[in-house]
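What follows draws every value from the coordinates through simple rules; no lab data is involved. From a predicted model like this one, the values you see are computed outputs, not experimental measurements. For neighbour counting, all protein chains shown are included, and Cβ atoms are generated from backbone atoms with ideal geometry for every residue, glycine included.
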């Protein structure tokens, strides 16, 4: 199955490279959202208050992740899905999608972090904890949105359905990510964030395991 996963991830990267407008559009969305935020709040000294910086950053990253991952199964036509059905296991397909989307979401998160740091200043004091939070959040967002995207794809690519199904799972993840990053920004002892890190890991594990177990039934339908 590992060979199938690697081949599918390579396929995703190749398609993304050929259709650069998709990735470029998402990257442009991140940069423009940060710049519009900068203009809207009327920053004079190049910095904003920490709670505002933190909240705006995660809101932009969340919507960027939704835009990036929503196309996971929507872009696959029925002929291509039938071809995948014959050559790859459903477990390999869902894992490859989650891994690829995690990398894409992490790329967007890092880009947003760099742009935020340049435009609005960088108040983060504990960089390793902030980066760990980025990685865990990228995994959680990607696992949740990938599975929901597959359900929406089976339901006729209903974007409203995707928003409704993902909302109850994304909100707890987003709140945990905001709290952990706030602790990292303030430079608090890492033990303060330990329980939140464990909770975020548990949510990621539950979502990932659920996707792995349930996707084969959805794929075969």
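With axes computed from alpha carbons, what is the tilt in degrees of helix 190-220 against the longest principal axis of the chain, rounded to the nearest 10 within 0 to 90?
Relative to the chain, helix 190-220 is tipped by roughly 20 degrees.
Can you check how the C-alpha radius of gyration of the chain compares to 2.2 N^0.38 Å, as a plain ratio? Before the final figure, lay out each step's value.
Values: Rg = 18.1 Å, N = 221, 2.2 N^0.38 = 17.1 Å.
For the chain, the normalised Cα radius of gyration is 1.05.
What's the angle, to the nearest 10 degrees (0 to 90), between helix 50-69's Cα axis and the longest principal axis of the chain?
20
If I model a spin label at residue 2 and residue 78 as a point 7 Å from the Cα along the Cα→Cβ vector, what separation in nanometres do I get?
Label at residue 2, label at residue 78, 3.8 nm between them.
When the chain is modelled as a GNM with alpha-carbon springs shorter than 10 Å, which of 100, 83, 113 fluctuates the most?
83
Quick check: the angle from helix 90-120's long axis to the longest principal axis of the chain, C-alpha only, nearest 10 degrees?
The angle comes out near 20 degrees.
What FRET efficiency do you get for residue 202 and residue 154 if R0 is 41 Å and r is their Cβ-Cβ distance, rounded to the nearest 0.05? Mind showing how you got there, number by number?
Details: r = 28 Å, r/R0 = 0.67.
E(calc), rounded to 0.05, equals 0.90.
Determine the calculated [θ] at 222 nm for the chain from helices alone, applying -39500 (n - 2.57) to every DSSP H run no shorter than 4 residues and normalising by the residue count; nearest 500 deg cm²/dmol.
Numbers: 9 runs with 190 residues, N = 221.
It lands at -30000 deg cm²/dmol.
Once Rh for the stretch 48-145 is found with the Kirkwood sum over Cα pairs, what is the Stokes-Einstein diffusion coefficient at 20 °C and 1.002 mPa s, in µm²/s?
On the way: Rh = 14.9 Å.
It diffuses with D of about 144 µm²/s by this estimate.
Let me check against my output: what whole-number percent is the relative contact order of the chain, with C-alpha pairs under 8 Å and at least 6 apart? Walk me through the numbers before you get to the answer.
Values: 215 pairs, mean separation 61.4, N = 221.
Relative contact order of the chain: 28 percent.
Could you calculate the FRET efficiency of residue 59 with residue 194 from 1/(1 + (r/R0)^6), where r is the beta carbon distance between them and R0 is 25 Å, rounded to 0.05? List each step's numbers first, then the result.
Numbers: r = 25 Å, r/R0 = 1.01.
Once rounded, the FRET efficiency stands at 0.50.
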